[in-house]
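S.K.: Have a look at this one.
The values are calculated or read from the model by the stated rules, or taken from the named source; none is laboratory data. Computed from a predicted model, the values in this text were never measured in an experiment. Every residue, glycine among them, receives a Cβ derived from its backbone with ideal geometry; neighbour counts consider all protein chains shown.
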Amino acid sequence: MRLLSRKATCNAHGQDSSYFLGWQEYEKNPYHEIKNPTGIIQMGLAENQLSFDLLESWLANNPDAAGFKKDGESIFRELALFQDYHGLPDFKNALVDFMAEIRENRVTFDQNKIVLTAGATSANETLMFCLAESGEAFLLPTPYYPGFDRDLKWRTGVEIVPIQCTSSNDFQITAPALEEAYLEAQKRNLRVKGVLVTNPSNPLGTTMSRSELNLLVNFITAKGIHLISDEIYSGTVFSSPGFVSIMEVLKDRKCENTEVWKRVHIVYSLSKDLGLPGFRVGAIYSNDELVASAATKMSSFGLVSSQTQYLLSALLSDSKFTKNYISENQRRLKQRQNFLVKGLKKAGIICLKSNAGLFCWVNMKHLLGSNTFEAEMELWKKIVYDVKLNISPGSSCHCTEPGWFRVCFANMSEETLNLAMARLKSFVDSMTMTSSHQMLKNSRKRSLTKWVFRLSFHDREPEER
Amino acid sequence: MLSYKASSDSHGQDSSYFLGWQEYEKNPYHQLHNPNGIIQMGLAENQLSLDLLESWLENNPDSVGFKRNGESVFRELALFQDYHGLPAFKNALAEYMAEIRRNKVKFDPNKLVLTAGSTSANETLMFCLAERGDAFLLPTPYYPGFDRDLKWRTEVEIVPIHCSSSNGFRITIPALEKAYQKAIELDLKVKGILIVNPSNPLGTSMTRYELNLLISFAMAKRVHIVSDEIFSGTVFDCPHFISLAEALMDRQLENTDMWSRIHIVYSLSKDLGLPGFRVGMIYSNNETVVSAATKMSSFGLVSSQTQYLLSNMLSDKKFTGKYLKENQKRLKKRKQMLVSGLHNAGIRCLKSNAGLFCWVDMRHLLSTQTFESEKELWKKILGEVGLNISPGSSCHCSEPGWFRICFANMSEETLGVAMERIKDFAESVTSNRNRNISTYHQMICDKRLLFNKWVFKLSTNDSESDR
């Protein structure tokens with residue numbers, strides 16, 4: 001008899017992928033400006049480290065929030081005992097207001113429809129448990145966040161069927177790609193329960209266009225399925241076009257209170273724009289009462305610490321702070337992204353034009369030995385072990401075309417990013433020289449043959465370079 | 001359109017355990033604002049020692065202020081999402097757990113997995129140890145939440161090990177075997193036994209004999225034992241708490257197969273009284289389990305802000321030593337108050353030495369020894385007496401008439417009010433019964449008298465009055 005479950009002993013946790021392996025290599029030899037200047041620079045972690053000072057200064061000015069005090073009175077007891085899975089009302093109110101603010105109040109949210117979870121990781125898994133059975137499938141556009149292979153599939157038994165997107169149209173979702181994915185699922189005998197998109201996209205760093213969103217609404221209406229929009233990066237949109245939430249599109253199409261409106265669910269988290277992944281704050285927003293109700297009960301398995309809910313309810317209720325934070329944070333992200341794009345350009349590398357996120361989707365096809373995923377892996381290993389940059393290969397994101405990499409820019413100092421760019425430039429230069437050298441070697445070989453030939457024919461010609 | 005899990009009631013939350021809670025929410029007792037409201041006695045919370053925690057916090061502001069030795073650690077904590085957990089916290093937790101067990105057992109922080117509460121820990125263990133078609137055996141009565149926590153999303157089944165009042169609800173070999181057979185009958189593969197020690201709802205810690213019984217059974221059947229020791233810090237009376245780990249060590253079973261089949265669950269929700277902070281953990285000697293559970297903890301990590309605060313608190317050995325002792329002293333006193341109060345009302349409890357509740361025998365207040373009757377009594381107590389207590393049936397008790405009553409989640413005054421109410425109620429039930437009995441007897445006598453008179457009249461044509 002099996003001693004442990006299959007889940008515990010298989011590798012369906014998806015953590016054998018290069019995405020996680022690169023991380024491990026970094027852990028063994030992490031770069032440090034002083035202590036380990038030749039170590040690996042972490043560029044595979046989508047964290048936002050650019051705006052902590054803003055949060056720290058707010059904390060310094062508002063010590064009560066972390067000190068379990070409200071208006072000078074201790075509320076420690078109340079918080080210590082608060083385990084209601086409906087969440088701290090003040091926090092939910094502040095959160096929905098913050099989410100609306102990010103969407104420039106073109107959409108507003110009802111705090112009764114929001115469910116708090118320990119991070120978006122928990123939110124996404126919970127939605128799978130609510131919307132699908134083991135053996136059913138969700139369609140996801142590629143490339144997608146490698147963590148989804150664990151988060152959506154592992155314990156739920158739900159399958160992912162990719163919607164293949166290509167560089168030919170900047171990886172946007174098309175109607176044919178959707179249909180193809182749907183058919184593929186049917187071929188595999190999988191019942192499709194919905195589509196899950198990340199908007200803005202990870203790893204692309206782009207916001208979805210209105211036409212893409214409309215396409216999705218048409219598709220899920222036609223098929224009678226769900227749409228999950230993971231909007232975890234919505235607060236990181238730093239240039240035009242602005243962020244258009246799926247809710248806004250539904251509103252514009254006057255879909256409130258229709259069947260399809262109840263089949264659209266949003267996921268959010270404070271891990272990316274606020275840069276607080278350690279605090280484990282995620283949320284599910286759903287117009288379907290049953291989903292909200294079931295998800296609320298399931299949140300028992302991953303509630304947000306009341307200590308943290310209280311701190312953040314105070315922070316997010318401070319609208320003066322949030323307004324300033326959102327715009328300043330976006331300004332810094334834009335500046336930093338520019339820095340990365342320029343640095344890559346100097347190295348002869350181009351990226352997908354992006355307006356959001358904490359990373360760029362980088363085109364290194366020209367550096368591949370051959371247009372294959374094996375070559376991509378070779379290149380990736382070189383970059384991790386020789387260049388000492390941990391970046392994420394497109395294959396780990398299920399990209400259909402080899403040669404694309406996700407490179408993060410917001411999880412390090414400007415100096416470190418500078419160094420990373422310098423290393424990359426050296427690497428690319430050396431590769432170019434190497435291929436020149438290779439060409440030289442090849443031409444030498446040809447010369448030798450010629451000379452031998454000449455020897456045999458008594459001719460002499462000068463050597464080539 | 002939705003999954004079966006979302007649209008059915010397999011979440012188990014329609015049980016009276018949760019319904020009573022809802023009734024309380026509608027009409028909660030408040031000394032001033034609502035003195036006739038329902039007193040919550042169905043919530044196993046520890047509100048007795050929060051002042052000790054508050055005073056520690058006052059003396060250690062850095063722990064909440066994201067500071068270490070005056071320096072800010074905010075950035076570090078904000079970014080810390082490593083599912084291996086904050087090392088300082090795991091170290092402090094491992095030592096605290098050892099302290100609770102009087103250092104008879106030591107814990108290795110590398111074998112500890114942090115989870116968002118023991119709710120998450122228990123579910124995660126099910127995902128790791130079992131799958132659909134498998135079952136865990138649980139002694140009854142058990143915590144109603146398990147029907148949701150262990151079964152809902154995992155699809156693992158629970159098969160009860162029926163315990164009875166005849167021996168103080170202790171686990172016996174026949175009961176174990178019977179449960180195992182029942183599982184086979186139901187076509188379920190038994191993967192293990194899950195116990196709560198000290199027990200919820202019994203409030204008793206397991207004897208060494210019981211633990212040895214379980215170990216032998218688990219060895220014979222080659223199954224796991226999950227020991228939820230969430231109430232281990234609430235043992236306030238002898239006998240001392242014996243952890244499953246201690247029992248195994250005493251039998252020299254380290255480094256055997258069995259050693260890697262025991263898993264301990266713990267949480268800071270009960271002894272420290274911090275359910276809102278969501279701090280639970282799994283401890284296992286099985287590397288594969290630790291590894292899988294660690295990855296699964298991604299779905300319910302403990303907030304780094306909270307890990308940091310508690311790592312400081314639990315590292316303060318002066319504080320923890322004092323806290324454990326004082327907290328247990330207060331729990332003991334409060335339990336005694338409940339026991340005396342119930343005694344005054346002619347109600348007895350199971351003799352207990354731990355937990356935040358008593359297992360109360362109200363069989364004598366049932367009109368019939370049935371669960372319907374228990375339900376009637378429960379509704380009366382909820383609706384008329386205004387006390388939310390948990391009926392034994394919601395805990396899957398095999399005998400009607402037992403109730404779990406909590407004592408640590410209210411002030412002493414409120415407990416006093418509750419005891420008054422229950423005394424009045426018990427007295428009214430008894431006097432009603434006596435009245436009913438005497439009324440009934442009187443009626444029967446009267447009827448018989450009339451009949452006799454009539455018969456007599458018929459036979460003797462005399463008129464005489466009896467009585």
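S.K.: Going by the structure shown, is B:Lys325 among the charged types (D, E, K, R), away from chain A (no Cβ under 11 Å) and closer than 30 Å to B:Ser72 by Cβ?
M.R.: Numbers: among the charged types (D, E, K, R): yes; away from chain A (no Cβ under 11 Å): yes; closer than 30 Å to B:Ser72 by Cβ: no.
No.
S.K.: Right, here's the next one. Would you please list the contacts, defined by Cβ atoms under 7 Å and residues six or more apart or on different chains, that run from a residue in segment A:38-65 that is more than 12 Å from chain B (Cβ to nearest Cβ) to a residue that is among the β-branched types (Val, Ile, Thr) and in a helix (DSSP H, G or I)?
M.R.: A:Ile40/A:Val384; A:Ile41/A:Thr416
S.K.: Next up: Say we look at segment A:122-156 and pick out the residues that are part of a strand (DSSP E or B) and of a type outside the set (Gly, Ala, Ser); which of these is nearest to the other protein chains (Cβ to nearest Cβ)?
M.R.: Filtering first and then ranking leaves A:Glu136.
Per-residue answers, yes or no, for (1) more than 30 Å from B:Lys423 (Cα to Cα); (2) part of a loop (DSSP other than H, G, I, E, B); (3) not acidic (Asp, Glu):
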residue	(1), (2), (3)
B:Thr256	yes, yes, yes
B:Ile264	yes, no, yes
B:Ser291	yes, no, yes
B:Met296	yes, no, yes
B:Gln307	yes, no, yes
B:Lys325	yes, no, yes
B:Arg334	no, no, yes
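The rows are residues; the columns are (1) modelled with pLDDT of 95 or more; (2) at positive phi; (3) in contact with a Gly (Cβ under 9 Å, 6 or more places away or on another chain).
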residue	(1), (2), (3)
A:Arg6	no, no, no
A:Thr9	no, no, no
A:Gln49	yes, no, yes
A:Trp58	yes, no, no
A:Glu78	yes, no, yes
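Rundown of residues vs (1) among the acidic types (Asp, Glu); (2) in contact with a helix residue (DSSP H, G or I) (Cβ under 7 Å, 6 or more places away or on another chain); (3) farther than 30 Å from B:Tyr83 by Cβ, yes/no style:
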site	(1), (2), (3)
A:Val264	no, yes, yes
A:Val267	no, yes, no
A:Met298	no, yes, no
A:Lys320	no, no, yes
A:Ser370	no, no, yes
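S.K.: Would you call A:Gly403 surrounded by 16 or more Cβ atoms within 10 Å (Cβ to Cβ) and farther than 30 Å from A:Asn329 by Cβ?
M.R.: When the stated conditions are applied, A:Gly403 passes them.
S.K.: Now a separate question. For segment A:354-367, check the following and say yes or no: at least one residue is closer than 30 Å to A:Phe405 by Cβ and β-branched (Val, Ile, Thr). Even if it seems obvious, please write down each step before you answer.
M.R.: Within segment A:354-367, the subset closer than 30 Å to A:Phe405 by Cβ is A:354-367.
Retained after the next criterion (residues that are β-branched (Val, Ile, Thr)): A:362.
Within segment A:354-367, one or more residues are closer than 30 Å to A:Phe405 by Cβ and β-branched (Val, Ile, Thr).
S.K.: Moving on. Within segment A:326-335, is there a residue that is surrounded by fewer than 21 Cβ atoms within 10 Å (Cβ to Cβ) and in a loop (DSSP other than H, G, I, E, B)?
M.R.: Checking segment A:326-335: not a single residue is surrounded by fewer than 21 Cβ atoms within 10 Å (Cβ to Cβ) and in a loop (DSSP other than H, G, I, E, B).
S.K.: Would you please name the residue that is nearest to B:Tyr308 (Cα to Cα), looking only at residues in segment B:58-104 that are of a type outside the set (Asp, Glu), within 9 Å of chain A (Cβ to nearest Cβ) and in a helix (DSSP H, G or I)?
M.R.: Going through the qualifying residues, I end up with B:Leu77.
S.K.: From A:Thr121, A:Thr142, which residue is within 22 Å of the chain's Cα centre (by Cα) and under 23 Å from B:Pro275 (Cα atoms)?
M.R.: Values: A:Thr142 fails: under 23 Å from B:Pro275 (Cα atoms).
The conditions single out A:Thr121.
S.K.: Just for segment B:1-45: of the residues that are of a type in the set (Gly, Ala, Ser), part of a loop (DSSP other than H, G, I, E, B) and modelled with pLDDT of 90 or more, which one is nearest to the chain's Cα centre (by Cα)?
M.R.: B:Ala44
S.K.: Suppose the filter is within 26 Å of A:Phe243 (Cβ to Cβ), of a type outside the set (Val, Ile, Thr) and not in a helix (DSSP H, G or I); does A:Gly369 pass it? Spell out the reasoning first.
M.R.: On the way: within 26 Å of A:Phe243 (Cβ to Cβ): no; of a type outside the set (Val, Ile, Thr): yes; not in a helix (DSSP H, G or I): yes.
Against the criterion (within 26 Å of A:Phe243 (Cβ to Cβ), of a type outside the set (Val, Ile, Thr) and not in a helix (DSSP H, G or I)), A:Gly369 does not qualify.
S.K.: Now, a different point. Taking the condition crowded, with 22+ Cβ neighbours inside 10 Å and among the small types (Gly, Ala, Ser), does B:Ser164 pass? Steps first, please.
M.R.: Details: crowded, with 22+ Cβ neighbours inside 10 Å: no; among the small types (Gly, Ala, Ser): yes.
No: the conditions fail for B:Ser164.
S.K.: Still on this structure, please answer the following. If A:Trp261 meets every condition in (1) touching a residue at least 60 places away in the same chain (Cβ under 8 Å); (2) surrounded by fewer than 20 Cβ atoms within 10 Å (Cβ to Cβ); (3) within 29 Å of A:Phe138 (Cβ to Cβ) apart from one, which number is that one?
M.R.: (1)
S.K.: Now, a different point. Any residue that is surrounded by fewer than 24 Cβ atoms within 10 Å (Cβ to Cβ) and more than 8 Å from chain A (Cβ to nearest Cβ) - is there at least one of those in segment B:293-306? Spell out how you get there, then give the answer.
M.R.: Pass one, segment B:293-306, residues surrounded by fewer than 24 Cβ atoms within 10 Å (Cβ to Cβ): B:294-295, B:298.
Filter again for more than 8 Å from chain A (Cβ to nearest Cβ), leaving B:294.
Looking for residues that are surrounded by fewer than 24 Cβ atoms within 10 Å (Cβ to Cβ) and more than 8 Å from chain A (Cβ to nearest Cβ), one finds at least one in segment B:293-306, hence yes.
S.K.: Which of the residues that make up segment A:66-96 are within 13 Å of chain B (Cβ to nearest Cβ) and closer than 20 Å to A:Ser269 by Cβ?
M.R.: First, the residues of segment A:66-96 that are within 13 Å of chain B (Cβ to nearest Cβ): A:66-69, A:73-88, A:91.
Result: A:Tyr85, A:His86, A:Gly87, A:Leu88, A:Phe91.
S.K.: Among the candidates B:Val73, B:Val105, single out the residue that is β-branched (Val, Ile, Thr), touching an Asp or Glu at 6+ places or on another chain (Cβ under 6 Å), touching a residue at least 60 places away in the same chain (Cβ under 8 Å) and surrounded by fewer than 22 Cβ atoms within 10 Å (Cβ to Cβ). Let's see the steps before the verdict.
M.R.: Values: B:Val73 fails: touching an Asp or Glu at 6+ places or on another chain (Cβ under 6 Å).
B:Val105 is the lone residue from the list that is β-branched (Val, Ile, Thr), touching an Asp or Glu at 6+ places or on another chain (Cβ under 6 Å), touching a residue at least 60 places away in the same chain (Cβ under 8 Å) and surrounded by fewer than 22 Cβ atoms within 10 Å (Cβ to Cβ).
S.K.: Has segment B:241-254 got any residue that is modelled with pLDDT under 95, in contact with a Leu (Cβ under 9 Å, 6 or more places away or on another chain), farther than 29 Å from B:Glu76 by Cα and more than 14 Å from every other protein chain (Cβ to nearest Cβ)?
M.R.: yes
S.K.: Output yes when any residue across segment A:106-119 is among the hydroxyl-bearing types (Ser, Thr, Tyr) and either crowded, with 24+ Cβ neighbours inside 10 Å or touching a residue at least 24 places away in the same chain (Cβ under 8 Å) (or both), and no when none is. I'd like the intermediate steps shown before the answer.
M.R.: Here is the first cut: in segment A:106-119, the ones among the hydroxyl-bearing types (Ser, Thr, Tyr) are A:108, A:117.
If we keep only those that are either crowded, with 24+ Cβ neighbours inside 10 Å or touching a residue at least 24 places away in the same chain (Cβ under 8 Å) (or both) as well, we get A:117.
Within segment A:106-119 (the criterion being among the hydroxyl-bearing types (Ser, Thr, Tyr) and either crowded, with 24+ Cβ neighbours inside 10 Å or touching a residue at least 24 places away in the same chain (Cβ under 8 Å) (or both)), the answer is yes, since at least one residue qualifies.
S.K.: Considering only residues that are more than 11 Å from every other protein chain (Cβ to nearest Cβ) and touching a helix residue (DSSP H, G or I) at 6+ places or on another chain (Cβ under 8 Å), which ones fall in segment B:38-57? Talk me through it step by step, then tell me what you get.
M.R.: Within segment B:38-57, the subset more than 11 Å from every other protein chain (Cβ to nearest Cβ) is B:38-42, B:44, B:48, B:52.
Of everything in segment B:38-57, those that are more than 11 Å from every other protein chain (Cβ to nearest Cβ) and touching a helix residue (DSSP H, G or I) at 6+ places or on another chain (Cβ under 8 Å) turn out to be B:Ile38, B:Ile39, B:Gln40, B:Met41, B:Gly42, B:Leu48, B:Leu52.
S.K.: For residues that are of a type in the set (D, E, K, R) and surrounded by fewer than 19 Cβ atoms within 10 Å (Cβ to Cβ), scanning just segment B:401-420, find the one that is nearest to B:Ser367 (Cα to Cα). Even if it seems obvious, please write down each step before you answer.
M.R.: Of all residues in segment B:401-420, those of a type in the set (D, E, K, R) come to B:404, B:412-413, B:420.
Those left that are additionally surrounded by fewer than 19 Cβ atoms within 10 Å (Cβ to Cβ): B:412-413, B:420.
On the way: B:Glu412: 31, B:Glu413: 31, B:Glu420: 22 Å.
For segment B:401-420, the residue satisfying everything is B:Glu420.
S.K.: B:Leu125: crowded, with 16+ Cβ neighbours inside 10 Å and either within 8 Å of another protein chain (Cβ to nearest Cβ) or under 30 Å from A:Ala65 (Cα atoms) (or both), yes or no? Full working, then the answer.
M.R.: Working: crowded, with 16+ Cβ neighbours inside 10 Å: yes; either within 8 Å of another protein chain (Cβ to nearest Cβ) or under 30 Å from A:Ala65 (Cα atoms) (or both): no.
In short, no.
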